[in-house]
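The values are calculated or read from the model by the stated rules, or taken from the named source; none is laboratory data. No experiment lies behind these values; they were computed from the predicted model shown. Cβ placement follows ideal geometry from the backbone for every residue including glycine, while neighbour counts extend to all protein chains displayed.
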Amino acid sequence: MKNIKFLLMLLLAVCITFCEKDVSVSPPDQPPPKGSIIINSYPQEFKIFMNGKYRIRNTPDSIRWLGDGAYEISLRKELFLDTVFTIEVVDEGKTNVFIDLSKNPRMLGDLSIKTTPSGAEIFLNDSNTTKMSPFIFRNLLPDIYNISLKYEDHEDFNTQIAVRSSYKYEFTAAMIDSTIWEYYNIENSNMPAKVLTCIAIDNNNVKWIGSRDGVISFDGSNWNLQSPSNSRLTHQVVTSISVNSNNEKWITTIEGIGIA
Amino acid sequence: MPGPIINCIYIDSNNSKWIGTNLGVFFFNEFSNKILLDESATGLPIKDVTGISEDVYGNIWFSTRENGLFKLKQRPF
């Protein structure tokens, strides 16, 4: 009985010793370093890379818990050249950085606009620049620009251009004289087929147009498509159309002849 | 260099000739030398012209293989 008591005491003592040891080996809490860098830019939304690694943060943002030392920061954005600089964190202090990319000519790009004929009004992002073509816009912030060119009696010319850092984008727009031409396609009208094979015009000034999808008729405002499924047309691929003096349309397809 | 591929011909009410080709439309008459109406001359994607016709007002219409339908409202010559 005495033996058992002794054993129990010993077990308890060993247990306490181990427990004490457990506590004693855990390291003391190290407070994280307090240095920080706050980065802002104009324009904003630049990706922040620190020592080559993307921080998954975009400007404006702060990088915290930095120890003393030099940090290489780079700001990156599509269409812009990279901006790289080094920030020294001293005494775990706070550093504010503001980068104005519009002040760095290397970051900006040029846009040269020419038209035939010259003298079109130039609109950038829907606002009238009051400039006439040909014109070179210098030192634009890189971005996607909506460009509209307007010229009297010509169709508006609309396009999107990406302006990049240290790059001159040049283009020439051929302005379409709307007093001379009208232009219909499947994007700008209700034209019901893309591949056109022939055209004939009847006495009522209706245009009859052969296509690979049937016969299109166009009276100047309404489009209509006749195909084997809704007419007596022998095949959808039309090869030629002719109008006789009775205003009848003779239509050939790759499989036969019919009259409409 | 190969010549243009000719798809169609049309003779209008003024006895002018219009030739539809893969490059665009060639025009000529007794007073005019041959003129090519193509993208660089007009700004319009006129190529692979498959058909030509004149309407009752004297406008000339062109059908093309993939680029739609063109109406020439006045003669630029």
Tell me which residues, restricted to region A:193-205, are more than 30 Å from the chain's Cα centre (by Cα) and more than 7 Å from every other protein chain (Cβ to nearest Cβ). A:ASP202, A:ASN203, A:ASN204
Checking the conditions here, which among A:ILE209, A:ILE186 is under 25 Å from B:LEU72 (Cα atoms) and touching a Cys at 6+ places or on another chain (Cβ under 9 Å)? A:ILE209
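Return the total of residues in region A:147-167 being part of a strand (DSSP E or B) and surrounded by 13 or more Cβ atoms within 10 Å (Cβ to Cβ). Steps first, please.
Here is the first cut: in region A:147-167, the residues part of a strand (DSSP E or B) are A:147-150, A:154, A:157-163.
Checking which are surrounded by 13 or more Cβ atoms within 10 Å (Cβ to Cβ) leaves us with A:147-150, A:154, A:157, A:161-163.
Total satisfying the criteria: 9.
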Residue selected from region A:109-134 under the condition assigned to a strand (DSSP E or B) and hydrophobic (A, V, I, L, M, F, W, C), by the criterion surrounded by the most Cβ atoms within 10 Å (Cβ to Cβ): A:ILE113
Scan region B:42-74 for residues that are more than 11 Å from the chain's Cα centre (by Cα) and more than 9 Å from chain A (Cβ to nearest Cβ) and jot them down. B:GLY58
Got at least one residue in region A:202-211 being in contact (Cβ under 8 Å) with a residue 40 or more places away in the chain, surrounded by fewer than 19 Cβ atoms within 10 Å (Cβ to Cβ), under 25 Å from A:SER118 (Cα atoms) and not β-branched (Val, Ile, Thr)? no
What are the residues in region A:218-259 that are within 20 Å of B:LYS71 (Cα to Cα) and either away from every other protein chain (no Cβ under 12 Å) or in a loop (DSSP other than H, G, I, E, B) (or both), if any? A:ASP219, A:GLY220, A:SER221, A:ASN222, A:ASN224, A:LEU225
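Here is a yes/no grid of residues against (1) in contact with a helix residue (DSSP H, G or I) (Cβ under 9 Å, 6 or more places away or on another chain); (2) within 14 Å of another protein chain (Cβ to nearest Cβ); (3) within 23 Å of B:CYS8 (Cβ to Cβ):
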site	(1), (2), (3)
A:LYS131	no, no, no
A:ASP143	no, no, no
A:LEU149	no, yes, no
A:PHE171	no, yes, no
A:ASP177	yes, yes, no
A:TRP181	yes, yes, yes
A:ILE186	no, yes, yes
A:SER189	no, yes, yes
A:LYS207	no, yes, yes
Of all residues making up region A:140-189, the number that are at pLDDT 95 or above, over 19 Å from the mean Cα position of the chain (by Cα) and polar (S, T, N, Q): 1
In the set A:ARG57, A:ARG106, A:ARG76, A:ARG64, which member is touching a residue at least 40 places away in the same chain (Cβ under 8 Å) and surrounded by fewer than 17 Cβ atoms within 10 Å (Cβ to Cβ)? A:ARG106
